[in-house]
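Participant: Following this message is one structure expressed as structure tokens.
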Ligand code: GLU
């Protein structure tokens, strides 16, 4: 539990930058490096060999979350998760243009991996034991925490202890929705398929608060500071380590992704990816330790 962590938004400059980021689909940043890779360098029969041979990869991500995965006017998503996806593709010799992006919402991430609709999921996806029963995770590549967002003029929600009798929105199949059910039965949880729909419910006055990871909420606040605010500067009450979801039991591929992440930590690629995306609004963190379970 880390109740003392706070997020400080950078005010109007941050909001303007976020909007610019959303408008131009990832800014004028360079694409991450694409390795010169021959498929035969990978173990025969491995997922890496198959993807390198195909020259393309299908990645599930969010399409409606500012800073992490938000579709731009060209239909391609932009954000930190998208950059992490590009780093992994690049290590397989696959250019950003050859990535097929598929929208995953919180509730379909496991089925999309299990059914092979996607090769990996990079989508603000918390690593936890329940999910590990059906998919595997590389990472974490970031650690978020659950927080609360309310209308800018709301004064009566001051933290998770003031939710009794309130209507709180979150997303179906997400860890924050589960946390509400487990810990705040006196609050009325309303679930939606995406966070942008939760935000619409909040701005319409249909719900009193939205709960999910602090950094997701920070993206929405930065895009509409006039109407939205974080409760208690984005105080968090859970830990949400973000992993890259992949098929259960594909240990070779998991090790490859973990090695790729570690290299991106070591050579500054990870930090550069952050600074171009979420870092426009949020402070740059230290990369978390990879959990090679
Ligand atoms: N990180 C949490 C989860 O994976 C909340 C964010 C999301 O729903 O994508 O459930």
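Participant: Would you mind finding the one in 159, 145, 139 that is surrounded by fewer than 22 Cβ atoms within 10 Å (Cβ to Cβ) and at positive phi?
Facilitator: 159
Participant: Do we have any residue at all in region 151-161 that's farther than 24 Å from residue 278 by Cα and within 16 Å of the ligand (Cβ to nearest atom)?
Facilitator: Yes, that holds for at least one residue.
Participant: Let me ask something else about it. Which of the residues belonging to region 104-139 are part of a helix (DSSP H, G or I) and more than 15 Å from the ligand (Cβ to nearest atom)?
Facilitator: Hit for region 104-139 is 114, nothing else.
Participant: For the structure I just gave you, tell me whether residue 173 is more than 14 Å from the ligand (Cβ to nearest atom) and either at pLDDT 95 or above or touching a helix residue (DSSP H, G or I) at 6+ places or on another chain (Cβ under 9 Å) (or both).
Facilitator: Considered against the rule, which asks whether it is more than 14 Å from the ligand (Cβ to nearest atom) and either at pLDDT 95 or above or touching a helix residue (DSSP H, G or I) at 6+ places or on another chain (Cβ under 9 Å) (or both), residue 173 comes out as no.
Participant: Let me ask something else. Would you say residue 124 is crowded, with 23+ Cβ neighbours inside 10 Å and at positive phi?
Facilitator: When the stated conditions are applied, residue 124 passes them.
Participant: Could you list all residues from region 236-256 that are under 11 Å from residue 47 (Cα atoms) and either away from the ligand (no atom under 16 Å from the Cβ) or part of a helix (DSSP H, G or I) (or both)?
Facilitator: Those that are under 11 Å from residue 47 (Cα atoms) and either away from the ligand (no atom under 16 Å from the Cβ) or part of a helix (DSSP H, G or I) (or both): 247, 250, 251, 252, 253, 254, 256.
Participant: Moving on to the next point. Only helices (runs of 4 or more DSSP H) wholly contained in region 156-229 count here; list those with 2 or more residues that are free of Cβ contacts under 8 Å to residues at least 24 places away in the same chain and over 22 Å from residue 81 (Cβ atoms).
Facilitator: So the answer is 175-183.
Participant: Continuing with this model, one more query. It is to be established whether one or more residues within region 27-35 are part of a helix (DSSP H, G or I) and modelled with pLDDT under 50.
Facilitator: Checking region 27-35: not a single residue is part of a helix (DSSP H, G or I) and modelled with pLDDT under 50.
One line per residue, one yes/no per condition, for (1) at positive phi; (2) buried (at least 24 other Cβ atoms within 10 Å of the Cβ); (3) out of contact with any helix residue (DSSP H, G or I) (no Cβ under 7 Å at 6 or more places or on another chain):
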{"residue": "74", "(1), (2), (3)": "no, no, yes"}
{"residue": "93", "(1), (2), (3)": "yes, no, no"}
{"residue": "96", "(1), (2), (3)": "no, no, no"}
{"residue": "99", "(1), (2), (3)": "no, no, no"}
{"residue": "105", "(1), (2), (3)": "no, no, yes"}
{"residue": "115", "(1), (2), (3)": "no, no, yes"}
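Participant: For residues that are buried (at least 16 other Cβ atoms within 10 Å of the Cβ) and within 15 Å of the ligand (Cβ to nearest atom), scanning just region 179-189, find the one that is farthest from residue 243 (Cα to Cα).
Facilitator: 189
The values are calculated or read from the model by the stated rules, or taken from the named source; none is laboratory data. Just so you know, these numbers come straight off a predicted model, no measurement behind them. With ideal geometry, Cβ positions are generated from the backbone for all residues, glycine too; neighbour counts draw on all protein chains shown.
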